[in-house]
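The values are calculated or read from the model by the stated rules, or taken from the named source; none is laboratory data. As the structure is a prediction and not an experimental result, all values here were calculated from the model. Please note: Cβ atoms are built from the backbone with ideal geometry, for glycine as well, and neighbour counts cover all protein chains shown. For the accessible areas, the whole protein counts, side chains as well, though only heavy atoms, and no ligand, DNA or RNA atoms are used. Shrake-Rupley method; radii C 1.70, N 1.55, O 1.52, S 1.80 Å.
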Amino acid sequence: QATKKLKVELNSNNFIEAIKLVEFCENEITEKQKILSAGRAFYNKKLIPAKNNKDINEIYNNLLLLEEFAGEFEVAAKIAEEILMDIDKASFLYQKANLINRAIDVISDETIEKEKLVENRKRIAELHEEGGNILKAADLFKELGHYNRALSLYKKIKDYNSALYCYYQLNEVDTNELIELNILAEKYEEAVKLLMETNSLNNLQKALKI
């Protein structure tokens, strides 16, 4: 049934709808490649007589969608970046292709408008976190004032001095956690002072051991 429907879509040049059906076919990989080849040929042929930018962009948008639905994320990203000049879309597609550094580079290289600067820096921080550059991500989150996220990442990489700084920026502070962070950051005098201020016997004993 899926194969018949796929042929109908192909005959109507509905390549994106056809590509959605390949997972229900027996030879998924073969069918996908056939649709992709036919779709690429169709859209490239349509580009030849296309004159105005609107028509050209529409064709490339359809080609991008075809590549994306086919799982060819890097190819789709290059269309977005180099032809359509859609930097946000390109970054998203490079991320889907697991090319995190490229996803960061394309939005880092962009001439950023002032109102978009914070949004872009937040996305770069998230991409660094996904790509494993935890320190860079934490630093960016801290600069942006996202102290909870920065705190979590600094603790993850055991940068307790930076974690402590972020913790002090939070609106609500738990004394026990603050004491623990001071100890981890080797700020023992501050930790003892906080322990003594609690007037707890257990904490007084703990202070004597520091």
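Approximating the spin labels as points 7 Å out from Cα along Cα→Cβ, the residue 116-to-residue 16 distance works out to 2.2 nm.
In a reduced charge model with +1 at each Lys and Arg Cβ and -1 at each Asp and Glu Cβ, region 1-89 shows a dipole moment near 520 debye about its Cα centre. Modelled spin-label separation between residue 41 and residue 148, with each label point placed 7 Å from Cα along the Cα-to-Cβ direction: 5.5 nm.
Solvent exposure of region 1-104 amounts to 61 Å² per residue of accessible area, where only protein heavy atoms count and the probe is 1.4 Å. As a fraction of the 1.4 Å probe accessible area of the chain, surface on carbon and sulfur atoms comes out at 47 percent. Note on residue 79: accessible area approximately 10 square angstrom, rounded to 10, probe 1.4 Å, nucleic acids and ligands left out.
Each stretch of four or more DSSP H residues adds -39500 (n - 2.57); spread over every residue of the chain, this sum gives -22500 deg cm²/dmol at 222 nm. Between residue 53 and residue 193, residue separation times 0.36 nm minus the direct Cα-Cα distance comes to 43.5 nm. For the peptides 161-173, 9-21, 87-99, the ranking by mean Cβ contacts within 10 Å, running from highest to lowest, is 87-99, 9-21, 161-173.
The magnitude of the dipole of the chain, with charges of +1 and -1 set on the Cβ of Lys/Arg and Asp/Glu and taken from the Cα centre, is near 480 debye. The string of couplings for region 32-38 from the Karplus curve (6.51, -1.76, 1.60, θ = phi - 60°) is 4, 5, 5, 5, 4, 5, 5 Hz, one whole number per residue in order, with x for Gly and Pro. In terms of its C-alpha gyration tensor, the chain has a prolate overall shape, because the principal axis ratio a/c (a ≥ b ≥ c, square roots of the eigenvalues) is not below 1.5 and a/b outweighs b/c.
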